[in-house]
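Since the structure comes first, as structure tokens, the remarks are kept for the end.
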Amino acid sequence: MRLAVLISGAGSNMVAIAQACAAGQIPAQIAVVLSDRPDAGGIGRARELGLPVAVVDRNQFRRDGRLDRAAFEAALEEPLRQHGAEVLVLAGFMTVLSPAFVERHAGRILNIHPSLLPGYPGLDTHARVLAAGERQHGATVHFVTAELDGGPLILQAAVPILAGDDLTSLSARVHAQEHIIYPMTISWLASRRLLWNGGSPTLDGVPLRAPVQHG
Ligand code: GRF
């Protein structure tokens, strides 16, 4: 299975996925790392790993201060097609994709979100759980639908929030789990253990009515 990994930032999940592919833990390969920012830290890391990189700079698609999403997404399709991407793996990709784009790739887009969804969709999750005095936080891998952070949940890992935690310590604890559960989910998908054609996804033929809990 040929993966496109879409990034906007440091790309630590992309590296974890690349390592899992190289180690044979995922029966797939990264066909392209696609960034919407030319300065994303993950671009250099992808090149060091010898992965093909494409950049579609979202700032080039601003018209009167607003993103021309249709033009931006049409430009995204080119490297995806060129590199034969079969599954799109959003790994810290910070541009919201339109319903039309998501429909075109229905069932073939994964995302990882730094919270225990359905709790805390959206941005700044680490700060928000700390401010709310939560005792638990985590990360979730889900299929992408047109609803932001709202698609069917697949796999989740919880971490405790400890006394004295700050953004740095908490996000590091969550990231460590992300680097486990994202490659694991992709391996399920690539080996066809995980399927989704609308309704509940199935894992080994069993409908996932709630996300699998890791650990
Ligand atoms: C992760 O926390 C992920 O859950 C969120 O964006 C962050 C990306 O981190 N969607 P990295 O770029 O993979 O290091």
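The values are calculated or read from the model by the stated rules, or taken from the named source; none is laboratory data. Model, not experiment: these values are computed from the prediction. Heads up, the Cβs are rebuilt from the backbone with ideal geometry, glycines too, and the neighbour counts pull from every protein chain shown. Side chains included, ligands, DNA and RNA excluded: accessible areas come from the protein's heavy atoms. Shrake-Rupley method; radii C 1.70, N 1.55, O 1.52, S 1.80 Å.
Take the conditions open to solvent by 60 Å² or more (accessible area, probe 1.4 Å) and either of a type in the set (Gly, Ala, Ser) or under 18 Å from Gly151 (Cα atoms) (or both) and apply them to Arg135. Does it pass?
no
Between residues in the range 1-16 that are touching a residue at least 24 places away in the same chain (Cβ under 8 Å) and residues that are among the hydroxyl-bearing types (Ser, Thr, Tyr) and not in a strand (DSSP E or B), which pairs lie under 6 Å by C-beta distance while being six or more apart or on different chains?
That search, which allows pairs on different chains as well, returns Asn13/Tyr182.
From the list Leu170, Leu148, Leu155, Leu203, which residue is in contact with a Lys or Arg (Cβ under 9 Å, 6 or more places away or on another chain) and surrounded by 12 or more Cβ atoms within 10 Å (Cβ to Cβ)? Before the answer, list the steps.
Values: Leu170 fails: in contact with a Lys or Arg (Cβ under 9 Å, 6 or more places away or on another chain); Leu148 fails: in contact with a Lys or Arg (Cβ under 9 Å, 6 or more places away or on another chain); Leu155 fails: in contact with a Lys or Arg (Cβ under 9 Å, 6 or more places away or on another chain).
Result: Leu203 is the single residue among Leu170, Leu148, Leu155, Leu203 that is in contact with a Lys or Arg (Cβ under 9 Å, 6 or more places away or on another chain) and surrounded by 12 or more Cβ atoms within 10 Å (Cβ to Cβ).
Just the residues that are open to solvent by 20 Å² or more (accessible area, probe 1.4 Å) and among the hydrophobic types (A, V, I, L, M, F, W, C), please, taken from the range 16-48.
Those that are open to solvent by 20 Å² or more (accessible area, probe 1.4 Å) and among the hydrophobic types (A, V, I, L, M, F, W, C): Cys21, Ala22, Ala23.
Scan the range 89-117 residue by residue and report those that are within 15 Å of the ligand (Cβ to nearest atom), closer than 13 Å to Glu147 by Cα and open to solvent by 40 Å² or more (accessible area, probe 1.4 Å).
The answer is Val96, and nothing else.
Checking the structure you have, find out if any residue of the range 52-72 is closer than 23 Å to Phe143 by Cα and open to solvent by 60 Å² or more (accessible area, probe 1.4 Å).
Yes.
Filter the range 165-195 for residues that are more than 16 Å from the ligand (Cβ to nearest atom) and either among the aliphatic types (A, V, I, L, M) or modelled with pLDDT under 95 (or both) and give the result.
Leu189, Ala190, Leu194, Leu195, listed by residue number.
List pairs: first in the range 151-165 and assigned to a loop (DSSP other than H, G, I, E, B), second aromatic (Phe, Trp, Tyr), Cβ under 8 Å, 6+ apart or cross-chain?
Gly151/Phe143; Pro152/Phe143; Pro152/Trp196
All but one of (1) under 17 Å from the mean Cα position of the chain (by Cα); (2) within 25 Å of Asn197 (Cα to Cα) hold for Ala100, so report the exception by its number.
Evaluating Ala100 over (1) under 17 Å from the mean Cα position of the chain (by Cα); (2) within 25 Å of Asn197 (Cα to Cα) leaves (1) as the failure.
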